[in-house]
Structure formats: C-alpha cells, structure tokens
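Data first, discussion second: the structure below is written as structure tokens.
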Amino acid sequence: MSTILQIETATPVCSVAVSVNGITVALVEETAQNIHASKLTLFIDEAMKKAGITYKQLDAIAVSKGPGSYTGLRIGVSTAKGLCFALDKPLIAIGTLKMMANGFVTAHPNYGGLICPMIDARRMEVFTSVYDNKLKEIEIVNAKIVDEKSFIFEQDAHYVTFIGDGAEKCKAVLTHPNAHFNSVNYNSATHMSSLAQEAFDAGNYEDVAYFEPFYLKDFVFTTPKKKA
C-alpha cells in the first residue's frame, strides 16, 4: 500500500490531498490570492488528520511542479522538499497542466476530443498544452499569446475543450465551432492521485537537493511607481 501527500500551489488554489494506492482519501483546499504562505502547512496538517495518517506512514511527497505562479510554485516546492528531507521520503513532481487534464478526463471518461488546459499568465498570454483523452501530449507545454488563429489545426480536426483559469479570457477569440469551454476548476491536488501513483510505481523520483519548479518563464520584478 502506498500513501502519498500531494501539494498544488501553482495557481490561486491552495490544495492538499492524501492518496492511498492512487485514490484520494482526504482533500483540503481554498481558492484565494496570496494565501499559500499562510495556509499551506495548516492544510497539510488538516489533510493528514482527515486521512488518519501519520507523517511517518507516508511513502512519498508529490508536488505540482508548474508552470504557474512563481511565488506559489516556490512555496509549494520548498514545502514539499522540506518534508522530504525531514521524513526521508522521495519527491514526485507532476506537471500542473497534465494534472488539470487528468482531472477533466477522470470526470468525463467517455470524452473523445482534445483537452487544452490553460493557466492565466498576463493579458492574453497563458501557460498551456494540449492532450488527447489518454493524456498523450499533443502540444508541448508553452507560453502562448492567444488570438483567433491559436489552436486552429487542432480545432479543424478535433473537438477541443479548454479548461483552467486562463480559458475564460480566451472565449472571445476562440470562436471555432469545435472550441468548447469547461468552467470547472481542475487545479486540485486530488487530480494528482493517479499520476503520483504511476510515478511512485515506476520509481520516477526527483533529486530533492536540486529539484526546481518548472517556471517556464523568468520571473519579472516590477518597481512600484513613485507617487508624485
């Protein structure tokens, strides 16, 4: 029996789950801006208590590796690494966009089209990729400025469902008949469960000392404008 603690902080969702043999047994999450630093460790303790599992009973720690919020990812990954060091447990990293697609496929097992998860970046830019209904990557993870020509080849050939907090702002330009939008939030640690179990079974672990989040883009520091 494998027991895995799962952490998702790549977006405004602060989410923690515990899974046993790939099945979620506890979930604690909240969606709000800038709560990860203050809420994550509390959510971890609450999820462990809900699951009735001690930290020593964990077999691995899984974390959503990005892309996504620079600050959110740093908090999630540093927390996961700290637990791995303290408990001497392996670290599993799950792609955030694949996690989202997995959530959609799990909820729609008979879906036959493509899934395009989107994480809001800024303006009309999103972090995105495209998967088929078996979670095969059709388009690699990338940062894309979305316009009316985006995903045109995929939409010409397939029904495409756009998900995630970046999809809503793209509705106005993605007007192809095969473009559809699902507003359910799939940025949840519960959607890591089967993926984390697969990684655990295969022994796909990260080097805890050197692992870094997949930011995709460099963080840009901005200086507040001085008041006149």
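Key figures
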quantity	calculated
Qualifying residue in region 102-115 (condition: of a type in the set (Val, Ile, Thr), over 18 Å from residue 19 (Cβ atoms), in the same structural domain as residue 139 (by TED's automatic domain parsing) and in contact with a Gly (Cβ under 6 Å, 6 or more places away or on another chain))	no
Scan of region 110-137 for residues that are of a type in the set (S, T, N, Q) and part of a loop (DSSP other than H, G, I, E, B), ordered by number	110, 133
Which listed residue, of 11, 71, is part of a loop (DSSP other than H, G, I, E, B), of a type in the set (Ser, Thr, Tyr) and either within 22 Å of residue 209 (Cα to Cα) or in contact (Cβ under 8 Å) with a residue 24 or more places away in the chain (or both)	11
Some residue of region 117-138 being among the small types (Gly, Ala, Ser) and either over 16 Å from residue 187 (Cβ atoms) or exposed (fewer than 14 other Cβ atoms within 10 Å of the Cβ) (or both)	no
Residue within region 204-225 that is free of Cβ contacts under 8 Å to residues at least 40 places away in the same chain, among the basic types (Lys, Arg) and either touching a Leu at 6+ places or on another chain (Cβ under 9 Å) or under 22 Å from residue 10 (Cα atoms) (or both) present	no
Options 179, 172, 107; residue that is more than 17 Å from the chain's Cα centre (by Cα), surrounded by fewer than 16 Cβ atoms within 10 Å (Cβ to Cβ) and among the hydrophobic types (A, V, I, L, M, F, W, C)	172
Considering residues of region 74-85 that are touching a residue at least 12 places away in the same chain (Cβ under 8 Å) and of a type outside the set (Lys, Arg) only, the residue farthest from residue 35 (Cα to Cα)	85
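Conditions tested, residue by residue: (1) free of Cβ contacts under 8 Å to residues at least 12 places away in the same chain; (2) surrounded by 24 or more Cβ atoms within 10 Å (Cβ to Cβ); (3) on the phi > 0 side of the Ramachandran plot.
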| residue | (1), (2), (3) |
| --- | --- |
| 19 | no, yes, no |
| 30 | no, no, no |
| 33 | no, no, no |
| 38 | yes, no, no |
| 42 | yes, no, no |
| 50 | no, no, no |
| 62 | no, yes, no |
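The values are calculated or read from the model by the stated rules, or taken from the named source; none is laboratory data. Everything numeric here is computed off the predicted structure, so don't read it as measured data. When we count neighbours, we look across all protein chains shown, and the Cβ atoms used for this are built from the backbone with ideal geometry, even at glycine.
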